[in-house]
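Only the coordinates and a few stated rules stand behind these numbers; no lab work does. Since we're looking at a predicted model, the values are computed, not measured. A quick note on method: Cβ atoms are made from the backbone with ideal geometry, for glycine too, and the neighbour counts reach across all protein chains shown.
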Amino acid sequence: MKQIIKNEFISSEKETSTINVYDARDAQGSLLYKYSTIHSVPVRIMKYQPYANTVVSVDTGGMIEYWDPETGKHPGIGNGVDWEFKSGTDLYEFKKVSLK
C-alpha cells in the first residue's frame with residue numbers, strides 16, 4: 001500500500017502493522033517516521049486528507065484509524081474533526097459489521 005503525502009511517501013509493510021513515511025524529495029528516500037502502533041495488524045488501505053493533514057487507514061481486521069502523518073497520533077479536535085476518541089464515533093460498530 002503506497003500513498004504520496006505532500007513531499008512524503010508512505011507505505012505499509014505487507015506482513016506487519018508498521019507504516020513508514022519517507023522523504024520523497026530525497027533520492028535515497030530517507031526514512032522520516034516509522035509507526036508500529038497505529039494498527040495492530042497489517043494495513044490494507046491508506047488515504048491522505050490534505051484538508052486536515054491527516055491519514056485515514058484501514059487494517060486487515062477492519063479497524064479504521066485517523067492520524068497525523070508527522071506524529072502518528074490522532075490530530076485532535078479541529079479541521080473538521082469533532083471527536084477525540086473512537087468511542088465517540090461509530091467506528092467500533094462499523095468494524096463489527098464489516099467483519100461479519
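Values as computed for the structure displayed
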read-out: Pairwise label distance in nanometres, Glu15 with Ala52, each label 7 Å out on the Cα-Cβ vector; value: 3.4
read-out: Added length on full extension, which subtracts the Cα-Cα distance from 0.36 nm per residue, Ala27 to Lys73; value: 13.8 nm
